[in-house]
Amino acid sequence: MNNYTKILLGGTVLAVSALSLVASAQASPAPIERDKIVFSCEFQNNEYVTIQRLVRETVNPVSAVVYETKVVYENPLPLVSWKATLDSDHPKGEYTPESRCQANSTRLTNLASAYGLHTVEDIALLGQVSKFGTANHQGVLFVSYPEKTKVSKENVIFTLTPENRKEGKDVLAQFQIGVAGSVGGPDLPPVKLPIVD
């Protein structure tokens, strides 16, 4: 093969490589930012607590791959402090404070996402549609949306301890105000956070 042919083939390979790079750059849209409400389970001061955060994710809009996550806001007070171990139909036989914290924090995050609640202002809506009720003979907080939705396994926020079941309406008020990121205000009664359950 002569030098001219080698140069011609080499140039063709470079041109094809450059075109494929340009094409792939055009095919990959610019990352976007999206806000998300996240409830996470943390171990603080020798107890498991649920913390509410607003995070901003930088995401590939096509593949949904998250490039970066940063905390934009964190509620200064934990929402719930998980102290009690409850009976369960789970094979291990009980819900420990850690497992309750993990499961309920995940459930709250999923509820926020399912209802399209992506800002600190939005998340107050979760409190507005929350109710106190009974499921499987146990007191629970649940999401009643659309209005007058009956309590079911799918819309339970969390099960209350026997002590808190007696004060279900007060615990509901704590949750409603706490999830909104406030411990009171001109139109809101003062509440003590975290909810101890």
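Nothing in this text is a laboratory measurement; each read-out follows from the coordinates by a stated rule. What you see is a predicted model; the values in this text were computed from it and never measured. Here the Cβ positions follow ideal geometry from the backbone for every residue, glycine too, while neighbour counts run over all protein chains shown.
Any chance you could run the full-extension gain for Ile32 through Leu125? It's 0.36 nm times the residue separation minus the Cα-Cα distance, nm to one decimal. Walk me through the intermediate numbers first.
Details: separation 93, 0.36 × 93 = 33.48 nm, distance 2.53 nm.
Gain on stretching Ile32 to Leu125: 30.9 nm.
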Find which of Val151, Tyr115, Val80 sits farthest along the positive direction of the dipole of the range 32-178, computed with +1 on the beta-carbon of Lys and Arg, -1 on that of Asp and Glu, about the Cα centre.
Val151
What spacing in nm lies between the two simple spin-label points modelled at Asp170 and Phe43, each 7 Å away from Cα in the Cβ direction?
3.1
Dividing the convex hull volume of the Cα atoms of the range 32-178 by its residue count, what figure in Å³ per residue is obtained?
136
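Applying 1/(1 + (r/R0)^6) with R0 = 30 Å to the Cβ-Cβ distance of Glu74 and Thr96, what FRET efficiency is obtained, to the nearest 0.05? Before the final figure, lay out each step's value.
On the way: r = 25 Å, r/R0 = 0.83.
The pair Glu74/Thr96 has a calculated efficiency of 0.75.
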